[in-house]
Structures are given as C-alpha cells and as structure tokens.
Amino acid sequence: MGPFELRTLKGLDLSGCTDIMGYEALDFYDVDSLLTDEELMIRDAVRGWVDESVIPKIENACREGVFLDEWRQEIGSMGILGAPLKGYGCPGLSYTAYGVICRELERGDSGIRSFASVQGSLAMYPIWDFGSEDQKEKYLPRMATGELIGCFGLTEPDYGSNPGDMVTKATEDGDSFILNGAKMWITNGTIADLAIVWAKLDGVIRGFIVEKGDPGFSAPEMKGKHSLKASVTSELVFQDCRIPKDRILPGVKGLRGPFSCLNNARFGISWGAIGSAQACYDSARSYALSRIQFDHPIAAYQLVQNKLAWMLREITKGQLLAYHLGKKKDAGEWIPEHISLAKMNNVDIALEIARVSRDIHGANGILDEYPVMRHMANLESVKTYEGTHDIHNLILGRHITGIQAFTKGA
Amino acid sequence: MKVAVLIKQVPDTTAKVGIISGSVDEGAISKWSISPYDEYALESALSLQSGSGATVVAITLGPERSSKSLIDAAAVGADELLHVVHDGALGSLSLQKALSEAVTRVGAEVVLVGKQAADTNSGSTGPGVAKILNYSCVGLVSRIEAGSDGFEATRSTPSGIERVSVKLPCVFAFDKGDVELRRPNVRGIMMAKKKPIERITLADLGVDSTGEGVSTTSVDYPPEKPEGQRFEGPDSAAEVATKLREEANVI
C-alpha cells in the first residue's frame, strides 16, 4: 500500500509519514551533522554501495551460505579497508570515519562488516603496528585493495574468553618456525591469503604470519551456522606447519598484541551494531505504517508506538555513544574500558531492537523478505565475538572496583 | 581536448519536497544531489578522460550549496571545477547565456549535459547552450565515443537505436544510459577536498539577468489521487475488464 492510500485511510491524517519506502537512516539528534564533509561523502558512498550491491543480494547469499567475491573486490576498490591506518597504501582516515564505514556496512549485514573488521582491524592492523618494514611493504598495499585477504587466529576450541591459556605452540627449527595447534571461529579463514596467528613461543604469546599454502596449514570452513551466514567462518589447523623465520611479528610480545587488534575491531562493532539497529528500526517503522489490523495501521496503536519510541531512544543514545567514542579515539584519549562499554551497550540494544522489530513484523518477521530476523541472528554472534557481553561487564567491573573477577583465584 | 559537463544540483530523488507560499520550500529539503541525467553526462565525460585523455571541467550554476555537486564530481575524477555562484531564481535564457559564457571561458568544444534537470524538467539547457554557442546539438544520447573526426553518439529510444556521427564543436544532452555510474572511492574523496573551485558571478561573465521572458507564477501540489475502486467476486470480471480497457487503457 502506497502513501496516498494511507493518507485517506479511515480519516486518519498520516500526511507526515509520506516516505514509507526505501531506507531512511534514523538520525533523530542529527548526530551525523557533526561529521566532516569527507566523512559524510564516505558515508554516502558506502551507503549507496550497500543499497545497490548488498541489499539485493544478501538474502540469497545467506541462503547459500556464501560471501560473494564481488563484495571483496568492490569493498577493496572503494578504498575503505584498514580505514584508520596511514601509509603503505592504506586510507589514513579518522577512527570516526572507520566507525561510519562499519555502521553503513552493517546496516547491510553484520557479515559484510565482519569481513571489513577482520581485514582492517585484525589482520592489517597488527602488521601495520607490530610488523617489520618488509612485512608492511609486502602485505599492506595489497590488503588495502582487497587483493589479499587476511584473517586472525586467536580463539581456540577450548580457549575463548581466556586466550592467555592458548595451547597453539611455535618452536624454532633452524631458519623456520614450526606451528602446532588449532584455532576456531575464524572469520574469512577459508578465503584468506594470510592468517595472523597468535601462538606461544617459549611460553610467550607471539604473532605469526601464515600464508595460504604453507605446508601443514589448512583452513576448513565451519558449516551449519544460523548466524552470519554470508560470512566465511573457519577452523585453522596447524600440523607441523613450517613457516620462515621472518614471518614472526617482531614488534609485540604477550596478550597486548591481540588485545590491541581487538580494541580497534570492537570500536568498529560499537558503530556497526547501530547500523543493524537502524535497519531493524527502519523496517519496523515502515511495516507498522503499512500493516493494517483492526482497520488501522498497527503504527496507530499505543503498544507499537511504545516499541518504536523505545527503539528511537536507544538508537539515539547508541549513536551519541559511538560518535563520542570516535572523537576520543581520534584524540588518543581513550582507555579500553571506553570501548568495552560502547561495544557491549550498542550490540545489546541492537539485538534487543532486532527482536522487538521482529515482533512488530509479526509472522512476516521470520521471512527473509524482511531483514530483521537475519540481523537478529547475526547479532547473536556479534554479542559473543570480540569479547562476550559478559566479559565486557567484567572488564568494567574490574575498572570500577579494582578487583578482577575473570578467574576464581587460586 | 576539454570537455565541459554542466551539472545542476537538485533535491535528491528521495527528499521530500514541500511548497511554501507558492514556491518550493528549499530550506526544508534534506538532501541535494547531482541531477541524475547530469550524472550520466559526467560518467561519459570521465570515460572520455580515461579513454582519450580529455580534461573534464565540471560547471555548475547555483547558490553556495551547489559547490557540493562539484566536489562530488571531483571525487569521481573531474579535473577542474567552475562554480557560477547565483542565489535565487534565474530564467532559462539567462541560465543558458551564463553557462555558454562559462563554456567559452574554460575553452571547451564539447559540452555534456543531462537531457533535463530532475527538478524543473524543462530540458532547455542543452539545446539553449548549443544555440547560443552555435554548436551542434544531439539529444537523448545514451553513449558517446571519440572517433577520428569527432564523436559517435548512440541515441536509444523505445522505437530503436540510432547512431550518429558528430563533428566538433558540439553539445550532447544525455538520457539515462546503460553505463554503470562510477562510485567515489576514499582516495577520490580525499583528493576532491584539495581541488580548488573557481568561483565567479553572472557579472563576471557579463550576463544580465533582467528582462527574462519566462518566470514561474506559482507551484502547487499535484491533485490528490482519487480513491481506488474495489471489485469483489468472479462476477465482476467482465466489469473489471471493461474498465481496464476503456478507463485505464491498459489492455
């Protein structure tokens, strides 16, 4: 039903809600007016790409469980990979711009944003920050264009929230390192040309660059996901995997390495989740205005308005949180706990908004004709990866009290 | 070879357009964009740039905000930017004179423009500029290619495809083509920020906007669509068929 029919329906004046078709990004407090001209142009370019190249193809990609290679190429040619990194062919944008990119990508699908997050924050960033000059020159320019895909191996089958206890090991053997162990839940794993693998060398966590085709390395895809279906998730298996000595990241030892990467990725997620939430809100609003029950659009009922108003409230708060965190990140005035709060909050509200949006859509909400159930299922993963919701609570708990509650003590 | 692309900034096709005291309420328009047909003209100019090394000069005429459309053009690759700054209404004759002077000023022998602007839909700019400059003019163009002696232009219409050979100097008025519009990338956006915009006025071009032949009297909303008709049951099939044939003219 179009807007004209709505306006005349049962004498209700709906002339204010003319545009019920197409995506209209919710920005109740004009938070985007705080962005620079370049950030706005990047936003529009990425948003336009998502409209044209993601939205029409995403449901089918999810059904088939594939990440389209054209997405890799097009994201690469937009020049947005490794957004905040400078030099070596990287874009050199602000962290705020990186956040905006994540938000627009995730409005399409969390899997698309995950691809960019992993490539930029988890694979390019450690090479950029901890790599040797040769490593940076060898990998970064081709990763920035999407020609080379990276992945990040930290989590193991038995070590998720406590990566410090990982069992993957590296040993020296002449002019090689030998890796043994397995990593799990690795986004981009099977399609990656290189993996940043965290493993213990003499008991100390170090980063290694493993390339596709290295002997003893395989990356089988994990099947059967009900979430992030348009994203590749894999295991990384190392069986006496031999790599040259110059593939170790020289610049970092210990958990600081992977945690630095995760801080950047979590920052991107805090923006990205808002994109998902906006998509779910947009669909709920549009559906509520067009769905007639008991002779009126369901948007005319107080219970539905209450839900929409709640969504608007939480999205607006989340947008302000993300924007301010972006400014703090750009100014270098941030602590990891700031990022934990934003990641935790924004994913939490996005997931709840997706669920409420599904509810507003009624039975239609379970169909892939609408994006909401896909976002809802995706966000279950987003809530869990890059530090679970509970772990971020514990990070904040430690910050507040000075007492860590991750372990039960000796 | 210099190629001028005439770009108009118009309300985005997704923006809501309202009317206030007899004219369009510009202050309430949330988003302005390059007129879609002009985007096809720009895309063709950029193909000439990469194909035969043409220099692309993007020209716009309009208020301060219109410079955004030049930055957008620069972000996808326009080499030079010229903004004829003018606030308020301007008749089509003055507009054509000003744009003609601007084309002469930048020294372009090829002018690319949309067949009509998405807001006014008057379709007079391309032919008008061609008339004033005494350039050839080809309308409804979907594609052009540089040839040995000018251009080969393709005109696609519902009744067929026509290919025409065009000598310089010339104006091409573009229809929506089958070409894909390029999207700005980050590098282009960052470069566009640094690209200078030459700003001039109608006076700089020696154009006097008084004494226009045409001016807008008023603007109104389109009439409300009448309420639909409802038919129920198989017995109404004959009546529906008659109405579809005689009233709706669709069968």
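The values are calculated or read from the model by the stated rules, or taken from the named source; none is laboratory data. Values in this document were obtained by computation on a predicted structure and should not be read as measured data. All Cβ positions, even for glycine, are placed from backbone atoms using ideal geometry, and neighbour counts span all protein chains on display. These accessible areas exclude ligands, DNA and RNA; they are computed on the full protein's heavy atoms, side chains included. Shrake-Rupley method; radii C 1.70, N 1.55, O 1.52, S 1.80 Å.
Just how large is the dipole of region A:337-410 about the Cα centre, in debye to the nearest 20, putting +1 at every Lys and Arg Cβ and -1 at every Asp and Glu Cβ?
Dipole about the Cα centre, nearest 20: 240 debye.
Leaving out same-chain residues fewer than 8 places away, which lysines sit with a Cα under 18 Å from that of A:LYS57?
A:LYS229
I need the P(r) histogram for the protein assembly as shown: all alpha carbon pairs, bin width 10 Å from 0 out to the longest distance, whole percents.
Whole-percent P(r) values from 0 Å outward: 3, 14, 20, 22, 19, 13, 7, 3, 0, 0.
With the contact rule set at Cα under 8 Å and sequence spacing of 6 or more, what percent relative contact order holds for chain B?
On the way: 477 pairs, mean separation 57.1, N = 251.
After rounding, I find 23 percent.
Quote the accessible area belonging to A:CYS241 in square angstrom, nearest 10, computed with a 1.4 Å probe and with ligands, DNA and RNA left uncounted.
Taking all protein chains as shown, A:CYS241 has close to 0 Å².
Just need the relative contact order of region A:284-377 here, percent rounded to a whole number, with Cα pairs under 8 Å and 6+ apart.
25 percent
Could you please put B:PHE172, A:PHE67, B:PHE231, A:PHE28 in sequence from largest to smallest accessible area, using a 1.4 Å probe?
Listed by decreasing accessible area, they come as A:PHE28, B:PHE231, A:PHE67, B:PHE172.
To check my understanding: the extent here is largest minus smallest coordinate of the Cα atoms along each principal axis. What are those three numbers for region A:33-77, in Å, largest first?
Dimensions of region A:33-77 along the principal axes of its Cα atoms: 39, 19, 13 Å.
To the nearest 20 debye, what is the magnitude of the charge dipole of the protein assembly as shown about its Cα centre, counting +1 on the Cβ of each Lys and Arg and -1 on the Cβ of each Asp and Glu?
Computed charge dipole of the protein assembly as shown: roughly 1240 debye.
Heavy atoms of the protein only, probe of 1.4 Å, neighbouring chains included. What is the accessible area of A:ARG107 in Å², nearest 10?
That residue has around 10 Å² of solvent-accessible surface.
Provide the per-residue ³J(HN,Hα) series for region A:140-152, in order, calculated from phi with Karplus coefficients 6.51, -1.76, 1.60 and θ = phi - 60°, each as a whole number of Hz, with x at glycine and proline positions.
4, x, 7, 6, 5, 8, x, 5, 10, 9, x, 9, 9
Pop out the ³J(HN,Hα) list for region A:225-237 in order, Karplus 6.51 cos²θ - 1.76 cosθ + 1.60 with θ = phi - 60°, rounded to Hz; leave Gly and Pro as x.
Those phi angles translate into 6, 9, 9, 6, 6, 8, 10, 8, 10, 9, 9, 10, 10 Hz.
Given H placed 1.01 Å from N in the peptide plane, which residues other than close sequence neighbours of B:PHE174 have an amide H under 5 Å from its amide H?
B:VAL113, B:GLY114, B:LYS115, B:VAL141
B:CYS137's amide H: which non-local residues (gap 5+, or another chain) put their own amide H closer than 5 Å, with H modeled 1.01 Å from N in plane and none for Pro or chain starts?
Here the answer is B:VAL171, since their amide H atoms fall under 5 Å of that of B:CYS137.
Just to verify a number: what accessible area does B:LEU90 come out at with the full protein assembly present, 1.4 Å probe, Å² rounded to tens?
The accessible area of B:LEU90 comes to roughly 40 Å².
How would B:HIS86, A:HIS399, A:HIS296 line up by accessible area, probe 1.4 Å, largest first?
Greatest to least solvent exposure: A:HIS399, A:HIS296, B:HIS86.
Determine ³J(HN,Hα), in whole Hz, for all residues of region A:106-123 in sequence, where each value follows from phi through the Karplus function 6.51 cos²θ - 1.76 cosθ + 1.60 and θ = phi - 60°; x replaces Gly and Pro.
Using θ = phi - 60°, the values come out as 6, 4, x, 6, 4, x, 5, 5, 4, 4, 6, 4, 5, 4, x, 7, 9, 10 Hz.
Can you tell me what percent of all Cα-Cα pairs in chain B are more than 32 Å apart?
Of all Cα-Cα pairs in chain B, 30 percent lie more than 32 Å apart.
Which of B:TYR37, B:VAL110, B:GLY27 sits closest to the plus end of the dipole of the protein assembly as shown, meaning its Cα is farthest towards the positive end, when Lys and Arg get +1 and Asp and Glu get -1 on the C-beta?
After comparing all options, I get B:GLY27.
Take the residue pairs A:LYS225/A:LYS307; A:LYS183/A:LYS245; A:LYS86/A:LYS138; A:LYS86/A:LYS253; A:LYS383/B:LYS16 and return only those whose Cα atoms are more than 25 Å apart.
Violating the 25 Å Cα-Cα cut-off are A:LYS225/A:LYS307; A:LYS383/B:LYS16.
Excluding A:PRO157 itself, calculate the net charge of residues whose Cβ lies under 11 Å from the Cβ of A:PRO157, where each Lys or Arg counts +1 and each Asp or Glu counts -1.
Surrounding charge for A:PRO157 is -2.
Which is farthest toward the positive dipole end of the protein assembly as shown among A:GLY111, A:GLY189, A:ILE339, measuring Cα position about the Cα centre, with Cβ charges +1 (Lys, Arg) and -1 (Asp, Glu)?
So the residue furthest toward the plus end is A:ILE339.
How do A:MET311, B:MET1 rank by accessible surface area computed with a 1.4 Å probe, from largest to smallest?
Largest accessible area first, the residues go B:MET1, A:MET311.
Work the Kirkwood hydrodynamic radius out for region B:35-153: mean of 1/r over every pair of different alpha-carbon atoms, inverted, in Å.
14.7 Å
Rounded to the nearest percent, how much of the accessible area of the protein assembly as shown (1.4 Å probe, protein heavy atoms only) is carbon and sulfur? Mind dumping the intermediate values first?
Working: 15710 of 30560 Å².
C and S atoms contribute 51 percent here.
Among the lysines, which fall within straight-line cross-link reach of B:LYS68, defined as a Cα-Cα distance under 16 Å, with same-chain neighbours fewer than 8 residues apart omitted?
B:LYS8, B:LYS31, B:LYS193, B:LYS194, B:LYS195
Can you show me the helix-derived [θ] at 222 nm for the protein assembly as shown, built from DSSP H runs with n ≥ 4 at -39,500 (n - 2.57) apiece and divided by the number of residues, rounded to the nearest 500.
Value at 222 nm, helices only: -13000 deg cm²/dmol.
Only four residue types carry charge here, +1 at the Cβ of Lys and Arg and -1 at the Cβ of Asp and Glu. Report the dipole size of region B:165-208 about the Cα centre in Debye, rounded to the nearest 20. Walk me through the numbers before you get to the answer.
Numbers: 9 positive and 6 negative charges, 89 e Å.
Dipole magnitude for region B:165-208 comes out near 420 debye.
Among B:LEU99, B:GLY177, B:ALA73, which residue has its Cα positioned farthest towards the positive end of the charge dipole of chain B, with +1 placed on the Cβ of Lys and Arg, -1 on the Cβ of Asp and Glu, and the dipole taken about the Cα centre?
Most positive-ward Cα: B:ALA73.
So what is the relative contact order for region A:140-267, in percent, with contacts set as C-alpha pairs under 8 Å and at least six apart?
26 percent
Excluding residues on the same chain fewer than 8 positions from B:LYS167, give the lysines whose Cα lies under 19 Å from its Cα.
Straight-line reach from B:LYS167, under 19 Å: B:LYS2, B:LYS131.
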